[in-house]
Amino acid sequence: MTNTAGSRGGRFDQLFVNLGPQHPSTHGVLRVGLTLEGEVIVKAEPDIGYLHRGSCKLAETRGYHQCVVLTDRWDYVSAMPNNLAFCLAAERLMGLEIPARARHLRVVMCELNRIASHLLFLGTYGIDLGAFTPFLHAFREREMILDLYEMLCGARLTYNYIRIGGVMSDITQEWAAKTREFLGFFKPRMREYDDLLSFNPIFLARTEEVGLIDARQAVAWGLSGPNLRGSGVSYDVRKADPYSSYERFDFDVPLGKRGSCWDRYYCRALEMRQSVRIVEQALDGLPAGDIAAKGVSKTPKPPPGEAYAHVEASRGDLGIYLASDGGAAPFRLHARAPSFINLAILQEMLVGRKVADVVAILGSIDIVLGEADR
Amino acid sequence: MGVILEKFPKAAKALPGGSVALTTADAFIGWSRKYSLWPVQFGLACCAIEMMAAYAARFDFDRMGVIPRASPRQADVMLIAGTVVKKMAEPVIRLYHQMPEPRFVVSMGSCANCGGPYYDSYSVVKGVDRLIPVDVYIAGCPPRPESLLYAVVKLQEKILKMKLAKGAGATPQQETGARNINA
Ligand code: SF4
């Protein structure tokens, strides 16, 4: 903390506070420079780049299949949609047709990952606001999903499961049975979270009137995902621009009303229920057939051109732009990362709030710095 | 602590039966240190999610006396969980120097060990041991929570072997300035 102005002219009581990069509640290495007047924030400057690993540049030196590995590590809390976005763009570039079974399997994995990611949010958001118990509950269920992934592809976080042309491996009978068992276990648990956290009076008091974003503001700042839907704007890539056979599934898009921290939180809680529905439908109607397109080269060299694909990742609209010059590595890879864009609104939202609300607001945006910085 | 560590062994050796007192003290201090390893609560990247899993119900880090502290001033261990990029290098060094001695560092994951999947990236420090001394390395991308538990066990073994007469792990690091992170 430094007193910026002091008595040498300027406002006497302005204080500059550094939040991060090491702070237990910034969800990674985000730094926010806060200028305070008493307890009220007058200026907030998010400072990113503490996790900039240059993966978009690295992609230009890797083959297409190797790039999938890099995408795993963007949004490391839910890596499957990242894999999927990249593969969709690459497949568009190569003009590949994906078998129906592979498309369904991709949906199953992405939705399970959405549950895992929202569970992590739920747990850590509880910690941010001083409730430790939901974290333990949420992680118990999350571990079960990670076990399923481990059974499937051997990894708990960085899956590299969705490959260009299809998926890495087929599911077994045992896996499907375990997944159903998990869903059966999980459904009543969502009521438990509501009792523990969602309708807890202390939690409500700290989130209900805090961090309001109205619909116009949300659109103007380019928010996406639960942050946008929390403000009541119904936009979901799965509905608006279906990919990977999402048009075949029956699910709702939960919306918030006022765009408060609680609305965003509860949107995620409701989304988990919808994800459960999608997984059940996908498992029930899993078509037979191949799990990968035939004839995908090990070192693909797509014809020169560009492609863009976007998916509804756990944090919002994740878009991948790929350009090829006919070589074995992408000529250019660009990601429209939802965390990065959602983060920008902080500079407007935090102004005029009290210091005590900062953590509640920051947590409700649910950013992953690996994706914001890449 | 530093003063005691420096003065106590010399004083104890001068007394009759002093070395017995010294080994007893060694055993006692090592035993108490070993079961209260408090890490700085700070995660960098993907590996930090596995670190969180280790704190949660299934792996239950608390039973080994590992309880995260929000401030480096109260911590003994720094778990470097994730990629250290050049912009983060300065804060990591500063955090390390803010920890009281004796302090330990666990490098978790390939990124912190050597750069991992970003071994040829322009912005990543190729191993945190270029910045600060590391006690235990864990391989994996990300390592499983079990390996983190194992690393703590290894660190406990190391602590038990520390001798007061040899400084007991207090390795004053005077320099705090920037290092060559581009090397
Ligand atoms: S070692 Fe792997 S999992 Fe860990 S931070 Fe690096 S890329 Fe992420």
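The values are calculated or read from the model by the stated rules, or taken from the named source; none is laboratory data. Predicted model only: the values in this text are computed from it and were never measured. Counting neighbours? That spans all protein chains shown, and the Cβs are built from the backbone with ideal geometry, glycine included. Protein only, heavy atoms only, side chains kept; ligands, DNA and RNA dropped before computing areas. Shrake-Rupley method; radii C 1.70, N 1.55, O 1.52, S 1.80 Å.
A few notes on this one:
- Flag for A:T172 being away from every other protein chain (no Cβ under 14 Å) and at pLDDT below 90: yes
Yes/no matrix, rows are residues, columns are (1) within 16 Å of the ligand (Cβ to nearest atom); (2) away from chain B (no Cβ under 14 Å); (3) more than 26 Å from A:F340 (Cα to Cα):
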site	(1), (2), (3)
A:V68	yes, no, no
A:D75	yes, no, no
A:A79	yes, no, no
A:N82	yes, no, no
A:C87	no, yes, no
A:E91	no, yes, no
A:M94	no, yes, yes
A:R101	no, yes, yes
A:R106	no, yes, no
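- Matching residues, the range A:21-42, being at positive phi and either at the interface with chain B (Cβ under 8 Å from one of its Cβ atoms) or in contact with a helix residue (DSSP H, G or I) (Cβ under 8 Å, 6 or more places away or on another chain) (or both): A:H27, A:G28
Per-residue answers, yes or no, for (1) open to solvent by 30 Å² or more (accessible area, probe 1.4 Å); (2) part of a loop (DSSP other than H, G, I, E, B):
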{"residue": "A:G289", "(1), (2)": "yes, yes"}
{"residue": "A:K294", "(1), (2)": "yes, yes"}
{"residue": "A:D317", "(1), (2)": "no, no"}
{"residue": "A:L322", "(1), (2)": "no, no"}
{"residue": "A:G363", "(1), (2)": "no, no"}
{"residue": "A:I367", "(1), (2)": "no, yes"}
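- Subset tally (residues that are in contact with a Leu (Cβ under 8 Å, 6 or more places away or on another chain), open to solvent by 10 Å² or more (accessible area, probe 1.4 Å) and within 14 Å of the ligand (Cβ to nearest atom)) for the range B:112-135: 2
- Residues that are of a type in the set (A, V, I, L, M, F, W, C) and open to solvent by 10 Å² or more (accessible area, probe 1.4 Å) were ranked within the range A:324-342; the one that is nearest to A:L70 (Cα to Cα) is A:A329.
Yes or no, residue by residue, for (1) more than 16 Å from the ligand (Cβ to nearest atom); (2) hydroxyl-bearing (S, T, Y); (3) in contact with a strand residue (DSSP E or B) (Cβ under 8 Å, 6 or more places away or on another chain):
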position	(1), (2), (3)
B:L22	yes, no, no
B:K34	yes, no, no
B:P39	yes, no, yes
B:A45	no, no, yes
B:E50	no, no, yes
B:R63	yes, no, no
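- Filtering the range A:216-232 to residues that are aliphatic (A, V, I, L, M) and touching a helix residue (DSSP H, G or I) at 6+ places or on another chain (Cβ under 8 Å) leaves A:A218, A:V219, A:L223, A:L228.
- With respect to the conditions (1) within 16 Å of the ligand (Cβ to nearest atom); (2) within 17 Å of A:P226 (Cβ to Cβ), A:L369 lacks only one, and its number is (2).
- Count of the range B:73-84 residues, restricted to those that are open to solvent by less than 10 Å² (accessible area, probe 1.4 Å) and away from the ligand (no atom under 11 Å from the Cβ), is 4.
- Here B:M108 does not qualify as over 26 Å from A:Y76 (Cα atoms) and out of contact with any His (no Cβ under 6 Å at 6 or more places or on another chain).
- Residues of the range B:35-61 classified as within 11 Å of chain A (Cβ to nearest Cβ) and of a type outside the set (G, A, S), total: 13
- Complete set of residues in the range A:43-59 that are touching a Leu at 6+ places or on another chain (Cβ under 7 Å) and either open to solvent by 40 Å² or more (accessible area, probe 1.4 Å) or more than 7 Å from every other protein chain (Cβ to nearest Cβ) (or both): A:A44, A:P46, A:I48, A:S55, A:C56, A:A59
- B:F104 surrounded by fewer than 24 Cβ atoms within 10 Å (Cβ to Cβ) and either at positive phi or within 14 Å of chain A (Cβ to nearest Cβ) (or both): no
- Sub-6 Å Cβ pairs linking a first residue in the range A:149-172 that is more than 21 Å from A:L70 (Cβ to Cβ) to a second residue that is modelled with pLDDT under 90 and among the aliphatic types (A, V, I, L, M), at least 6 apart or interchain, are A:D170/A:I291, ordered by first then second residue.
- Subset of the range A:240-254 (residues that are in contact (Cβ under 8 Å) with a residue 12 or more places away in the chain and surrounded by fewer than 18 Cβ atoms within 10 Å (Cβ to Cβ)): A:D241, A:S245, A:R248, A:D250, A:D252, A:V253
- From the options B:A70, B:A56, residue that is open to solvent by 10 Å² or more (accessible area, probe 1.4 Å) and more than 16 Å from the ligand (Cβ to nearest atom): B:A70
- Scanning the range A:149-185 for residues that are away from the ligand (no atom under 16 Å from the Cβ) and surrounded by 19 or more Cβ atoms within 10 Å (Cβ to Cβ) turns up A:L152, A:I162, A:R163, A:I164, A:G165, A:G166, A:V167, A:I171, A:T179, A:F182.
- B:P91 touching a Cys at 6+ places or on another chain (Cβ under 8 Å), within 10 Å of another protein chain (Cβ to nearest Cβ) and part of a helix (DSSP H, G or I): no
- Residue in the range A:135-147 that is within 16 Å of the ligand (Cβ to nearest atom), of a type in the set (K, R) and either under 23 Å from B:E50 (Cβ atoms) or within 14 Å of another protein chain (Cβ to nearest Cβ) (or both) present: no
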